[in-house]
Amino acid sequence: MHPAATSDKSMKTPVLIDAIKEPDTLAVAADALRAGEVVAFPTETVYGLGAHALDSEAVREIFRIKGRPATNPLIVHVKDKASAMALVSEWPAEADALADAFWPGPLTIVLPKSTIVPDEVTAGLDSVGIRVPRHPVARRLLELADIPIAAPSANPYTGVSPTLAEHVINGLPDLKYVVDGGATDVGLESTVFSLVGEPRILRPGMVTLSQIQKILPNAKGWDDDDHTDDVAARSPGLARKHYSPSARVIVADLEIRPMVSGTRVGVIRCSPNSPPILDALVKALPSDADGYAQGLYSALHELDAAGCTTILIEPPPHDEAWGAVWNRIKRAAHS
Ligand code: TXA
Ligand code: MG
C-alpha cells in the first residue's frame with residue numbers, strides 16, 4: 001500500500017495526499033469522499049472542504065469542522081454540465097449559456113434546487129449554488145469519486161480562505177484528509193451569480209460583471225456597501241465580517257500612514273517594486289489584478305503567522321478588474 005494511503009483514526013496529523021507528485025493517491029481521497037469522509041482539496045480559486053453533497057451526515061460534518069452556522073449554504077462542485085442539471089429543478093437557457101461560457105471555471109450559478117439536494121447543503125433555501133471547477137486535481141477527484149462534492153472554503157468560519165495546503169492544515173489541524181495541489185491559481189473565491197429572481201452577482205469574483213453581461217446583458221452587479229437584511233436573505237454567506245485574518249486590517253494610503261505604536265505592522269503593497277518600510281513586514285504583490293488576487297490571501301496568512309497585529313493595505317486601483325479584490329479587502333478590514 002502507498003504510504004499516503006494509510007490512515008488511522010487515532011492519528012493527529014492528516015493524511016496528506018500529494019496530488020502532484022503521487023497522482024495515484026487521489027483515489028484514496030475519492031474513496032474517502034464516497035464513504036462520507038470530509039476531504040480538503042484544491043480548486044483553482046481556493047482550497048475547499050469537501051464532502052459527498054447527497055450525504056446529509058457528511059455535509060453536517062463540514063459545518064462542524066468549519067464552525068460555520070447551519071444557515072450559510074454550501075457550493076456544490078460537479079464534474080460537468082450534465083451533473084449540474086441533475087441537481088436542479090429548472091435549467092434555464094441562461095444557465096446553459098453561462099455554463100458554456102465559464103465552466104469549468106470560477107463561476108458559481110445559483111438555481112432552483114432539486115429535491116435530491118439535502119437541506120443541509122442549501123441551509124434550507126430552495127436554491128443551490130453549483131460550479132464545475134477547472135483545477136486539474138479537483139476535476140480528477142470529481143471524476144474518480146463520481147459524486148457531487150459540497151465544499152465551502154477550507155478555513156475556520158470568517159477566516160481567510162486557504163490558497164495552499166499548508167494554510168488548510170494550520171487553520172484546521174484536526175482534518176483527516178488534505179489533498180495538496182500546490183498554490184491555487186485564481187486566489188479569490190468564485191463569482192456567485194444567481195438565476196433565481198433577478199439575475200445578479202451575489203458575490204464578486206474574478207469572473208466580472210462585464211464578462212457575464214456579454215452573455216446576459218441584463219445581469220446586475222453587487223454593492224459592497226449594501227449590507228441590508230435583503231442582501232443577507234439573498235445570500236446568507238455575505239455577512240459583513242469575513243475573510244479576516246487575526247490581525248486588524250486597515251486600508252490606508254501609505255503617504256498618510258496612521259501611527260500604529262506598540263504593534264508589529266505588516267504592509268501589503270500593490271507593486272512588486274515597492275521599497276521597504278522601516279520596522280514593517282512588507283509583502284509586495286503584483287500590480288495587475290490577477291497577480292494581486294492570486295497572492296492576497298497568502299500575504300494575509302503570512303503576515304498573520306508572523307505575528308503582525310496590524311496589517312496596512314495600500315489601496316489598489318479602482319477599475320472593474322479589481323472589484324473582487326476590493327470586496328475582500330473591505331470585508332477583511334471590517335471590524
Ligand atoms: O471558489 C469558491 O467558491 C470556493 C471553492 C472551494 O469552490 N468555495 C467557497 O465557498 O467560497 P463558501 O462556502 O466559502 O462560499 C459560498 C458562498 C456563500 O457566500 C454562500 O452564501 C453562497 O456562496 N451561496 C451558496 N449557495 C447559495 C444559494 N443557494 N443561494 C445564495 N447564495 C449561496
Ligand atoms: Mg468561505
³J(HN,Hα) computed for each position of the stretch 56-65 - Karplus, 6.51 cos²θ - 1.76 cosθ + 1.60, integer Hz, glycine/proline x:
4, 5, 4, 5, 4, 5, 4, 4, 5, 4
Going 7 Å from the Cα of Glu166 along its beta-carbon direction, which residues of the stretch 290-333 have the amide nitrogen within less than 18 Å of the resulting point?
294-308
Using Cα-Cα distances under 8 Å and only pairs 6 or more residues apart, what relative contact order does the chain have, in percent?
19 percent
Applying the gyration tensor rule to the Cα atoms of the stretch 104-185 (axes a ≥ b ≥ c; rounded if a/c under 1.5, else prolate if a/b exceeds b/c, else oblate), the class is prolate
Estimated [θ] at 222 nm from DSSP helical runs (n ≥ 4, -39500 (n - 2.57)) normalised by residues in the chain, nearest 500
-8000 deg cm²/dmol
Taking 1 over the mean of 1/r across every pair of different Cα atoms in the chain, what Kirkwood radius in Å do you get?
20.3 Å
When Ile169, Ile116, Ile313 are ordered from fewest to most other Cβ atoms inside 10 Å of their Cβ, what list results?
Ile116, Ile169, Ile313
Fully extended contour minus Cα-Cα distance, from Ala82 to Ala70, at 0.36 nm per residue:
1.5 nm
Note: Tyr157 to Ile277 extended length (0.36 nm per residue) minus current alpha-carbon separation gives 40.0 nm
Could you give each residue of the stretch 299-308 its phi-based ³J(HN,Hα) in whole Hz, using Karplus coefficients 6.51, -1.76, 1.60 with θ = phi - 60°, and x for Gly or Pro?
4, 5, 4, 5, 5, 4, 5, 7, x, 5
Amide H to amide H, which residues 5 or more places from Val179 or on other chains are under 5 Å from it, using H placed in the peptide plane?
Ile17, Ala40, Phe41
Let me know the charge dipole size of the stretch 111-195 about its Cα centre in debye, to the nearest 20, where only the beta-carbon of Lys, Arg (+1) and Asp, Glu (-1) is charged.
200 debye
Is the stretch 59-199 rounded, prolate or oblate when judged by the Cα gyration tensor, a ≥ b ≥ c being the square roots of its eigenvalues, rounded requiring a/c under 1.5 and prolate requiring a/b larger than b/c?
prolate
Inter-site label distance for Asp126 and Asp224 at 7 Å from Cα along Cβ, in nm
3.4 nm
Calculated FRET efficiency for the pair Lys21/Asp96, C-beta based, R₀ 45 Å, to 0.05
0.75
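Taken together, the values in this text are just the output of simple stated rules run on the coordinates, not laboratory data. Just so we're clear, the structure is a prediction, and the values are computed from it rather than from any experiment. Methodologically, a virtual Cβ is constructed for each residue, glycine included, from the backbone with ideal geometry; neighbour enumeration extends over all protein chains shown.
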